[in-house]
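Q: Input: one structure, supplied below.
The values are calculated or read from the model by the stated rules, or taken from the named source; none is laboratory data. If you're wondering where the values come from, they're calculated on a predicted model, not measured in any experiment. All Cβ positions, glycine included, derive from the backbone under ideal geometry; neighbour counts span all protein chains shown. Calculation scope for accessible area: heavy atoms of the full protein, side chains included, ligands and nucleic acids excluded. Shrake-Rupley method; radii C 1.70, N 1.55, O 1.52, S 1.80 Å.
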Amino acid sequence: MTADERRTRVREVRRRLAQEGPPWTRGFAADFPTVTVPERDCDQLRDVLISEGAQTVVEVGLAYASSALAIGEALVTVAPPRPRHIIIDPFQEREWSNAGWDLLRSAGLDAIASLMLAPSSIALPQLLTEGLVADAAFVDGSHRFHEVFVDFYYLRKIVRPGGLIVIDDAWAPSVRTALRYYERNLGWTVIPDAFPDGTLMKAAADPRAASVPRCQAIRLPDPSFEPPFEEFHAF
């Protein structure tokens, strides 16, 4: 199968998922549109990774695979010699009935993707120990502050210097607060125009609050560094 044929196959699965939803859901009202990353944000995630020339991507959270399919399309488009997509989701089997993984398989992406059925706090240290170096990561796992903070801690060691970390639900106070530490203390830089047409969300429950992009792309510093402990900046 040619690269164009692989890309067409992925796009067709993405199209069906966006228009018809997944073959199986958990049965909650509006479950799929509530938990999935919207199609236009996935398109821009794909485009960001293509412009980055990403060859190895780590993803935290799979669910119904809308973002995973977009990442897969990016990798097929870049077409490196050895593309890798490592997905971490401890709930994919028991909570999501493998709905997302089955969609990836139907798109032929299981040839480049692997699924780790472990919490990210266990899976990411394992990847670091194995010496994995990624070009980018997409984070859409737990939104609890302490778990987001730990995801970021390990991903800054896995993603290469100057690489990207893309965050879903960056508007959420817990996610935003965790990100602020890394911006203020470790040189992370938000790329302001990475999702120009992306979904906008309220930054807080206050209806007067300004809307902000749902997804944000972060550039890691190059070279990476460890700040002196006495230079801590409160966040």
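Q: Check Ala99 against each of (1) open to solvent by less than 20 Å² (accessible area, probe 1.4 Å); (2) among the small types (Gly, Ala, Ser); (3) touching an Asp or Glu at 6+ places or on another chain (Cβ under 9 Å) and name the one condition it does not meet.
A: The number of the failed condition is (3).
Q: What is the residue count in segment 48-93 for residues that are among the polar types (S, T, N, Q), in contact with a strand residue (DSSP E or B) (Cβ under 7 Å, 6 or more places away or on another chain) and surrounded by 24 or more Cβ atoms within 10 Å (Cβ to Cβ)?
A: Counting residues in segment 48-93 that are among the polar types (S, T, N, Q), in contact with a strand residue (DSSP E or B) (Cβ under 7 Å, 6 or more places away or on another chain) and surrounded by 24 or more Cβ atoms within 10 Å (Cβ to Cβ) gives 1.
Q: Still on this structure, please answer the following. Which of the residues spanning segment 217-232 are at pLDDT 95 or above and not in a loop (DSSP other than H, G, I, E, B)?
A: Once the filter is applied, which keeps residues that are at pLDDT 95 or above and not in a loop (DSSP other than H, G, I, E, B), segment 217-232 yields Ala217, Ile218, Arg219.
Each row is one residue, and each column tells you yes or no for (1) in contact with a helix residue (DSSP H, G or I) (Cβ under 7 Å, 6 or more places away or on another chain); (2) within 26 Å of Ser66 (Cβ to Cβ).
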| residue | (1), (2) |
| --- | --- |
| Val148 | yes, yes |
| Lys157 | yes, no |
| Pro161 | no, no |
| Val175 | yes, yes |
| Ala178 | yes, yes |
| Ala194 | yes, yes |
| Gly198 | yes, yes |
| Leu220 | yes, yes |
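Q: While we're looking at this one, here's another question. Is there any pair with a first residue in segment 76-90 that is of a type in the set (Val, Ile, Thr) and a second that is open to solvent by 50 Å² or more (accessible area, probe 1.4 Å) and in a loop (DSSP other than H, G, I, E, B) whose Cβ atoms are under 9 Å apart and which are 6 or more apart or on different chains, and what are they?
A: Val78/Gln55; Ile88/Leu117; Ile88/Pro119
Q: Pick from segment 201-216 the residues that are over 19 Å from Val48 (Cα atoms) and touching a Lys or Arg at 6+ places or on another chain (Cβ under 9 Å): which of them is modelled with the highest pLDDT?
A: Filtering first and then ranking leaves Met201.
Q: Condition first: in contact (Cβ under 8 Å) with a residue 60 or more places away in the chain and touching a helix residue (DSSP H, G or I) at 6+ places or on another chain (Cβ under 8 Å). Now tell me which residues in segment 6-36 satisfy that.
A: Matches in segment 6-36: Arg6, Arg7, Val10, Arg11, Val13, Arg14, Leu17, Pro22, Pro23, Trp24, Thr25.
Listed here are the residues, each with its yes/no results for (1) free of Cβ contacts under 8 Å to residues at least 60 places away in the same chain; (2) closer than 24 Å to Phe225 by Cα; (3) touching a Cys at 6+ places or on another chain (Cβ under 6 Å).
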residue	(1), (2), (3)
Leu103	no, no, no
Ala107	no, no, no
Ala113	yes, no, no
Leu117	yes, no, no
Gly131	yes, yes, no
Val139	no, yes, no
Arg144	yes, no, no
Val148	yes, yes, no
Tyr154	yes, yes, no
